[in-house]
């Protein structure tokens, strides 16, 4: 009897481990930008309330050294202003209104990294710092000041040697994710170099062709504890296995299911609400 009970408990534990390993995290690209201006504080709060695991944002820097959230080199497309973030002081740049998806100017303003981190502090939502490679020191200082260092993911399309040369003092102190282009012949070498020298939180794998052997078998990554981040947004990042195919064409098999079958443990999406609903229905997200 005791043996049967032990066996049942062991099977239950193994099942729980398998389910946990099969969970897929959801990253909201520029927040919930379909219902709020992209990279706005509102967009990030919406995404967090929705239940995403990660929000992605982009860093820029004002003339007076304030780290703000802005994807483009200029503020022209997303605000009613013109010029680079570095053309303005923060006092000047915060007067511009962010545009919504229809191009209309709203009362939302360009937020600072500090504002975003304080808004998401303690929520359990991680913040993916895109376009941040030139601002690691400034971002690190803000994260320390706000007590949110454990919530931030630094990222860059750089080799381990390049990262070590540029930021040797930060290795081991930040949560880091290399971006790797699988279409390049040295992709696997870049990954293995990182795995030999540090434990990345994840690897963001981008590809225009879906023929890489790394997509066929990336257990050499996940067995180390690192995650596999795949993008379901633009087709140019995933060989057409994208959000539009899943939502507009209703073809999950060749989009989200395909990415999950090829090792995704994190999916970055422009359709966070629909993806969360789909994953929950498949018991792949809590």
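Would you check if residue 154 is in contact with a helix residue (DSSP H, G or I) (Cβ under 7 Å, 6 or more places away or on another chain), touching a residue at least 24 places away in the same chain (Cβ under 8 Å) and either farther than 30 Å from residue 215 by Cβ or not in a helix (DSSP H, G or I) (or both)? Yes; evaluated as a whole, the condition is true for this residue.
When 129, 143, 195, 163 are checked against the criterion of being within 16 Å of residue 69 (Cβ to Cβ), at pLDDT 95 or above and in a helix (DSSP H, G or I), a single residue qualifies: 143. Looking at this structure, is residue 135 within 30 Å of residue 219 (Cα to Cα), touching a residue at least 24 places away in the same chain (Cβ under 8 Å), part of a helix (DSSP H, G or I) and in contact with a strand residue (DSSP E or B) (Cβ under 9 Å, 6 or more places away or on another chain)? It is false that residue 135 is within 30 Å of residue 219 (Cα to Cα), touching a residue at least 24 places away in the same chain (Cβ under 8 Å), part of a helix (DSSP H, G or I) and in contact with a strand residue (DSSP E or B) (Cβ under 9 Å, 6 or more places away or on another chain).
Set side by side, the residues 243, 257 differ, and just one is buried (at least 18 other Cβ atoms within 10 Å of the Cβ) and either under 21 Å from residue 48 (Cβ atoms) or at pLDDT 95 or above (or both), which is 243.
In the condition set (1) crowded, with 16+ Cβ neighbours inside 10 Å; (2) out of contact with any strand residue (DSSP E or B) (no Cβ under 6 Å at 6 or more places or on another chain), residue 182 is compliant with all but (2). The residues of region 95-108 that are assigned to a loop (DSSP other than H, G, I, E, B), touching a strand residue (DSSP E or B) at 6+ places or on another chain (Cβ under 7 Å) and free of Cβ contacts under 8 Å to residues at least 60 places away in the same chain, listed by number, are 96, 97.
The values are calculated or read from the model by the stated rules, or taken from the named source; none is laboratory data. Predicted model only: the values in this text are computed from it and were never measured. A quick note on method: Cβ atoms are made from the backbone with ideal geometry, for glycine too, and the neighbour counts reach across all protein chains shown.
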